[in-house]
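Have a look at the structure below before the remarks.
The values are calculated or read from the model by the stated rules, or taken from the named source; none is laboratory data. The structure displayed is predicted, hence computed values, not measured ones. Quick reminder, even Gly has a Cβ in these numbers, built from the backbone with ideal geometry, and neighbours come from all protein chains shown. Areas reflect the complete protein model, heavy atoms only, side chains present, ligands, DNA and RNA absent. Shrake-Rupley method; radii C 1.70, N 1.55, O 1.52, S 1.80 Å.
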Amino acid sequence: MTQKQMRVVLATTNSHKLDELQRMLADSPIELVMPPHVIEVDETGETFRENARLKARTYARLLGEPTLADDSGLSVDALDGRPGVHSARYAGNNATDADRNRKLLGELIDVPDSERGASFHCALILAWPGGDELTVEGLVSGRILHEPRGDHGFGYDPVFYVPALDKTFAELTTEEKNAHSHRAKAASLLIEALQHAPAGR
Ligand code: IMP
């Protein structure tokens with residue numbers, strides 16, 4: 001493992017995101033930690049990038065520490081990109097992952113396979129308290145199945161099928177998902193960007 005030179009707060013309460021990102025950044029100089037307390041941020045942005053920036057900037061300013069924010073979600077072609085930035089709140093505030101997947105499958109009930117294209121998006125923003133920031137994005141394309149499949153992962157993983165792997169994200173092992181996901185693509189771009197960023201921001 002690379003020596004950790006940079007402590008970075010992850011602006012989230014989602015332990016799945018922390019777990020995935022910690023594994024992806026294991027060989028980077030970043031030591032990723034949970035925030036000392038939750039900070040409520042209104043995600044009023046219209047894009048993943050805008051919402052990631054709102055979270056990263058708010059946490060970095062209030063905690064005075066470099067902060068990484070992940071804003072991610074699922075865009076479904078037949079729903080004009082929904083749930084998109086509303087992926088977490090798609091079925092209401094107290095809904096579970098199963099509720100959200102049920103709602104999505106219900107909305108797509110009459111949609112044929114050829115029109116069930118979808119993509120997972122992830123915007124990562126690393127913000128420093130002084131105002132500097134690095135922004136990267138990752139995307140992976142697939143299709144929404146008619147029924148959930150697989151027990152791994154979280155969120156919409158059981159309904160998101162990737163033809164090239166012939167599996168849903170929930171049928172992948174942690175290592176496989178972390179090699180192919182939208183978050184993995186964004187994390188590897190972040191590691192690359194950090195290598196070119198001036199030190200000591
Ligand atoms: P955020 O916390 O506002 O970024 O909400 C992200 C939401 O998008 C999550 O609550 C999930 O429902 C969904 N999502 C994001 N990344 C993934 C993933 O890797 N797998 C499955 N669902 C995801």
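Pop out the carbon and sulfur fraction of the accessible area of the chain as a percent, whole number, probe 1.4 Å.
On the way: 4830 of 10060 Å².
That fraction is 48 percent.
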(request) Report the calculated FRET efficiency for E46 and D132 (r = Cβ-Cβ distance, R0 = 35 Å), to the nearest 0.05. (result) 0.90
(message) Number of Lys pairs in the stretch 6-196 with C-alpha atoms less than 15 angstrom apart, excluding same-chain neighbours closer than eight positions?
(response) 5
(message) On alpha carbon coordinates alone, what is the Rg over Rh value for the stretch 102-166, Rh being the Kirkwood radius?
(response) 1.14
(request) Kindly list the residues of the stretch 168-182 that lie in the label zone of L105, defined by a backbone N under 16 Å from the point 7 Å along the Cα-to-C-beta vector. (result) 168-171
(message) For a bin width of 10 Å, list the pair-distance distribution of the chain built from all Cα-Cα distances, rounded to whole %.
(response) 9, 36, 35, 17, 4, 0
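When averaged across all projection directions, what area in nm² does the alpha-carbon convex hull of the stretch 1-70 cover?
Numbers: hull surface 18.6 nm².
Orientation-averaged projected area of the Cα hull: 4.6 nm².
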(request) Enumerate the residues in the stretch 95-117 having an amide nitrogen under 15 Å from the point lying 7 Å beyond the Cα of T13 toward its Cβ. (result) 95-97
(message) Please give the charge dipole size of the chain, origin at the Cα centre, charges +1 on K and R Cβ atoms and -1 on D and E Cβ atoms. Round to the nearest 20 debye.
(response) 440
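Tell me the Kirkwood radius of the stretch 57-175: reciprocal of the mean inverse pair distance over distinct alpha-carbon atoms, in Å. Spell out each step's value before the answer.
Values: mean 1/r = 0.0644 Å⁻¹.
After inverting the pairwise mean of 1/r, the radius is 15.5 Å.
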